[in-house]
Every structure is written in C-alpha cells, then in structure tokens.
Amino acid sequence: MSIVAFFPDIYKKQIATNIINKINDLNYSFVPVTNLHCTLLSISSKESFPETNPYFNKLIRKRVEVFLKARKKKQDLTKIKLKFNEIRPGTWHGLHNAQIPDASNGTVVAIGNPNTKDNDIFVTLANELVCYLKNELGAIFSNDYDRKFPTVWSTLGYFNRKDFGITKNFADTFNQLKIQYRKDLMKIVVDRFSLVEYSFKDLSDANTILEYPL
C-alpha cells in the first residue's frame, strides 16, 4: 500500500515522445511503466506486513485521510509541481539501502532534487506524514519507519534482460538526457494523491482505495 501521485495523460505522452522513444531506439528490450507515478510514501509492503491485515489497513487508510484533509484545510494544499532534473539508469542498493557503485537494478528513473522549489513541498509533506503515522499508530509503525529514498523519483521503465554490455550509443543517449534535463527540468503538475494497493512495483495491478484531490 502506498500514496502516489499518478501522472496526468498529457505528461505521459510527453515522456513517451521525449524519453521513452529515445531509449527504445537502443533496442535494449525496454519496457515502459504504464502507470507513471511519483510515490509520496510507501506505507506497507510484504516486507513490513507479510500477512495482509484488513484491520491494520483500515486504521492506516483512516489516518492518512485525516492527515491530508487537515493539511489541505490548514495550509490550502493545492496542485503540486514536481520537477525532475535527471534521467538515468536506476541504482542498485544493498544492505541498509547503501548504493552499490557502478551497478544498476535494470530500471530507468527520473530523479528530482528534494530541495528544489515545489519538490520541497512534496518531501516535507511526506516527512510530516511519516511522523504523524508513527505518533498516531505507534503499534503499527516503529521508530525505524521512514521514507525509503529521501528524494523525488519516478520509475519510467525497465530493461527486460538480465545482463547487457554498455555500448557507446547507450552511454551517449543517457548523457544527452542528463545534459538536457539539467538545463530544462521536466515538470509534472499533479492534482491528486491516490492511496493504492498493489502487488507489482510498477503498479500495473494497482487498486485505488481512496483519492485526495488537491
């Protein structure tokens, strides 16, 4: 279960034209994510809740709803503009989420600086929700509970092959994307958060439980 901001269709088309098509031209068996999104907060998973507990889920859904309604009423929470400054292969993380040098998990991700204007609103909201859940539901969320990655990111797709060599064309394509989006940030305006349940990380089977218009 996670709270995510799904990308509106207009931005999906832009990403397909400006990014996905360039990666497809490499012929590396790239599979794009259809439910493009940015995760505000991963709330539960098979790792944290090996067995689905409907009662726990009901408590969590209620607290998330109360938190977002209160924030919207208090601070007039409106549409959020997410800004991504880098498109690159995803990194591979080992124990304690430590990044393994010169290794990729086979994905392609869009990364945004969490301190960039507008992104900071998104990150602050997520961090406040973490604290709220630990305070309100301490029996479910331990003190170790936190956001998995302290940044703004979105998985754009993955390479459907186990191992492959890095060709010059591959490196050149991602170097060009890096230069392009550092100069001209990719901006995605989201107008709602969705609380979803799913089995696959790409949310291809996502079931929306509740929506929170901004």
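All of the numbers you see were taken from the coordinates with simple rules; none came from a lab. Just so we're clear, the structure is a prediction, and the values are computed from it rather than from any experiment. Here Cβ is always computed from backbone atoms with ideal geometry, including for glycine, and neighbour counts include all displayed protein chains.
Which members of segment 179-203 meet the condition of being buried (at least 20 other Cβ atoms within 10 Å of the Cβ) and either farther than 24 Å from K58 by Cα or of a type in the set (D, E) (or both)? Within segment 179-203, Y181, M186, I188, V190 qualify.
Considered as a group, the residues in segment 142-178 that are surrounded by 11 or more Cβ atoms within 10 Å (Cβ to Cβ) and small (G, A, S) include one that is farthest from S42 (Cα to Cα), and that residue is G157. Tell me whether segment 112-123 contains one or more residues that are closer than 24 Å to N21 by Cβ and free of Cβ contacts under 8 Å to residues at least 12 places away in the same chain. Checking segment 112-123: not a single residue is closer than 24 Å to N21 by Cβ and free of Cβ contacts under 8 Å to residues at least 12 places away in the same chain.
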